[in-house]
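Asker: Here it is: the structure, laid out below.
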Amino acid sequence: MNRRKQTGMALVMVLLIVAMATTIAAFVAQQQGFWQRAMENGRDRAQARRIAEAGIDWARAVLADDASVSRGLDHGKEMWAMRLPAVQLEGGEVRGAIHDQQGLFNLNNLVRNGVASTLDVAHFQRLLDTLGLPQDLGSTLVDWLDANSDTLANGAEDDFYMSRERPYRCANRMLSDIGELVWVKGYDASIIKRLEPYVSVLPESNTPVNVNFAPPEVLISVLPGLSLQDARRIHQQISATPFNSVNDFMQQLHINRTGSENLSVSSKYFMVTGYATQGEGESSVHALLKRDGNWAEQVRKSLQ
Ligand SMILES: [Ca+2]
Ligand SMILES: [Ca+2]
């Protein structure tokens, strides 16, 4: 990396850190009253939680800012995607990062308006195949998501789940979190762990894959005809030079446009992770954000 570029990146890093420190300072001032009332015992932890949560406000501001400077384009070389070092605060520290969610395969795309999407099901079957996972996981998940109670070949509906030792009903609707997969026939903790780096659970069922963030395994699942070797090469190339348009991407691959309808170079869903320590207390937060125009809002959150 040349010197000028290095200086530029260092400056961006400083700006991000200043933005985070400012957001947290404002949040802390606002919450003073709460802290004074908090029980002495849980005070450190309560403070750590609030600081970790302030990371969400920081991410919303950073993503809104990105939307105003890079309309319609998102990739790993943008400011929001940079990894920050821990920011030191009085009595502790805070770390935060923003991760794109649209380079991943959205499991809720499998069923649209209650009906299985044949194309997305084929994509998911290919992903399962690439990861060495059983194909039946596609059928059981489609049955779990689709509105009807007709069992697909190798699938599972109410009659299967209601005959379990501890019966429960088939959801017949979208997933709201990846953890819900444990209820679906065939899925267990180890399978979820294997899938997790490649899939997302977004509150919509028609989200395109942002090619600038897609791992090679996801690229080949959504682009029939692309070899894993070519996908790895293109993925490596993207980390240095992201694509500005889906057209540029398709031209580079020399494959025809069929199958590219659900590709993109922009994202509207992001996962924010925040981790804070204060004295003896620590806390972590994961929040899914949805960006619409210049506004980013929280869709769901888990706080520990
Ligand atoms: Ca952007
Ligand atoms: Ca069903």
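The values are calculated or read from the model by the stated rules, or taken from the named source; none is laboratory data. Here the structure is a predicted model, which means the values were calculated and not measured. Because the Cβ atoms are built from the backbone with ideal geometry, glycine has one as well, and the counts that use them run over all protein chains shown.
Asker: Scan (1) more than 14 Å from the chain's Cα centre (by Cα); (2) under 18 Å from H286 (Cβ atoms) for the single condition Y198 breaks and write down its number.
Answerer: In the conditions (1) more than 14 Å from the chain's Cα centre (by Cα); (2) under 18 Å from H286 (Cβ atoms), Y198 misses (1) alone.
Asker: In segment 255-304, which residues are of a type in the set (K, R), modelled with pLDDT under 95 and touching a helix residue (DSSP H, G or I) at 6+ places or on another chain (Cβ under 8 Å)?
Answerer: Across segment 255-304, the qualifying residues are R257, K301.
Asker: Scan segment 133-144 and tell me whether some residue there is free of Cβ contacts under 8 Å to residues at least 60 places away in the same chain and surrounded by fewer than 16 Cβ atoms within 10 Å (Cβ to Cβ).
Answerer: Initial filter on segment 133-144 (free of Cβ contacts under 8 Å to residues at least 60 places away in the same chain): 134-144.
From what's left, surrounded by fewer than 16 Cβ atoms within 10 Å (Cβ to Cβ): 134-135.
Yes: segment 133-144 contains one or more residues that are free of Cβ contacts under 8 Å to residues at least 60 places away in the same chain and surrounded by fewer than 16 Cβ atoms within 10 Å (Cβ to Cβ).
Asker: Could you list, ordered by first residue, the pairs with Cβ atoms under 7 Å in which the first is in segment 154-167 and outside the structural domain of D143 (by TED's automatic domain parsing) and the second is assigned to a loop (DSSP other than H, G, I, E, B) and within 16 Å of ligand 1 (Cβ to nearest atom), at least 6 apart or interchain?
Answerer: Qualifying pairs under 7 Å: none.
Asker: Then there is this: So which pairs qualify, if the first residue must be in segment 61-80 and acidic (D, E), the second must be within 16 Å of ligand 2 (Cβ to nearest atom), the Cβ gap must be under 8 Å, and the two must be at least 6 apart or on different chains?
Answerer: Once the first residue is acidic (D, E) and sits in segment 61-80, no partner that is within 16 Å of ligand 2 (Cβ to nearest atom) comes close enough.
Asker: Can you spot a residue in segment 145-155 that is closer than 25 Å to S302 by Cβ and more than 11 Å from ligand 2 (Cβ to nearest atom)? Before the answer, list the steps.
Answerer: Step one: list which residues in segment 145-155 are closer than 25 Å to S302 by Cβ, which gives 145.
Subsequent filtering for residues that are more than 11 Å from ligand 2 (Cβ to nearest atom) retains none.
No, there is no match, as no residue in segment 145-155 is closer than 25 Å to S302 by Cβ and more than 11 Å from ligand 2 (Cβ to nearest atom).
Asker: For segment 238-249, check the following and say yes or no: at least one residue is of a type in the set (G, A, S) and touching a Lys or Arg at 6+ places or on another chain (Cβ under 9 Å).
Answerer: If we filter segment 238-249 for residues that are of a type in the set (G, A, S), which is where we start, we get 239-240, 245.
Checking which are touching a Lys or Arg at 6+ places or on another chain (Cβ under 9 Å) leaves us with 239-240.
Within segment 238-249, one or more residues are of a type in the set (G, A, S) and touching a Lys or Arg at 6+ places or on another chain (Cβ under 9 Å).
Asker: Which one is farthest from L175 (Cα to Cα), of the residues in segment 276-292 that are within 13 Å of the chain's Cα centre (by Cα) and of a type outside the set (G, A, S)? Lay out the reasoning, then the answer.
Answerer: Residues of segment 276-292 that are within 13 Å of the chain's Cα centre (by Cα), as a first pass: 286-291.
Going one step further and asking which of them are of a type outside the set (G, A, S), we end up with 286, 288-291.
Numbers: H286: 17, L288: 14, L289: 16, K290: 17, R291: 20 Å.
Out of the qualifying residues, it is R291.
Asker: Output the number of residues of segment 175-185 satisfying the condition of being surrounded by 19 or more Cβ atoms within 10 Å (Cβ to Cβ) and either assigned to a loop (DSSP other than H, G, I, E, B) or free of Cβ contacts under 8 Å to residues at least 24 places away in the same chain (or both). If you could, list the steps in order and put the result at the bottom.
Answerer: Residues of segment 175-185 surrounded by 19 or more Cβ atoms within 10 Å (Cβ to Cβ): 175, 181, 184-185.
Going one step further and asking which of them are either assigned to a loop (DSSP other than H, G, I, E, B) or free of Cβ contacts under 8 Å to residues at least 24 places away in the same chain (or both), we end up with 175, 184-185.
Number of matching residues: 3.
Asker: Considering segment 48-94 alone, what residues qualify as being touching a Ser or Thr at 6+ places or on another chain (Cβ under 8 Å) and within 16 Å of ligand 1 (Cβ to nearest atom)?
Answerer: A61, G72, L73, D74, G76, E78
Asker: Right, another one. I'm checking my understanding of the structure. Among residues of segment 210-241 that are more than 17 Å from the chain's Cα centre (by Cα) and buried (at least 21 other Cβ atoms within 10 Å of the Cβ), which one is nearest to V265 (Cα to Cα)? Even if it seems obvious, please write down each step before you answer.
Answerer: As a first pass, look at segment 210-241 and keep what is more than 17 Å from the chain's Cα centre (by Cα): 220-241.
Next cut, buried (at least 21 other Cβ atoms within 10 Å of the Cβ) only: 220-223, 231, 238.
Numbers: I220: 16, S221: 17, V222: 14, L223: 15, A231: 16, I238: 11 Å.
So, considering only residues that are more than 17 Å from the chain's Cα centre (by Cα) and buried (at least 21 other Cβ atoms within 10 Å of the Cβ), the one nearest to V265 (Cα to Cα) is I238.
Asker: List pairs: first residue in segment 225-249 and touching a residue at least 12 places away in the same chain (Cβ under 8 Å), second residue surrounded by fewer than 12 Cβ atoms within 10 Å (Cβ to Cβ) and part of a helix (DSSP H, G or I) anywhere in the structure, Cβ distance under 7 angstrom, at least six positions apart or on different chains.
Answerer: Pairs found: none.
Asker: Under the condition of being among the basic types (K, R) and surrounded by 15 or more Cβ atoms within 10 Å (Cβ to Cβ), which residue from segment 288-304 is nearest to L63 (Cα to Cα)? Spell out how you get there, then give the answer.
Answerer: Filtering segment 288-304 down to residues among the basic types (K, R) leaves 290-291, 300-301.
In the following step, the residues that additionally are surrounded by 15 or more Cβ atoms within 10 Å (Cβ to Cβ) were identified as 290-291.
Details: K290: 10, R291: 7 Å.
So, considering only residues that are among the basic types (K, R) and surrounded by 15 or more Cβ atoms within 10 Å (Cβ to Cβ), the one nearest to L63 (Cα to Cα) is R291.
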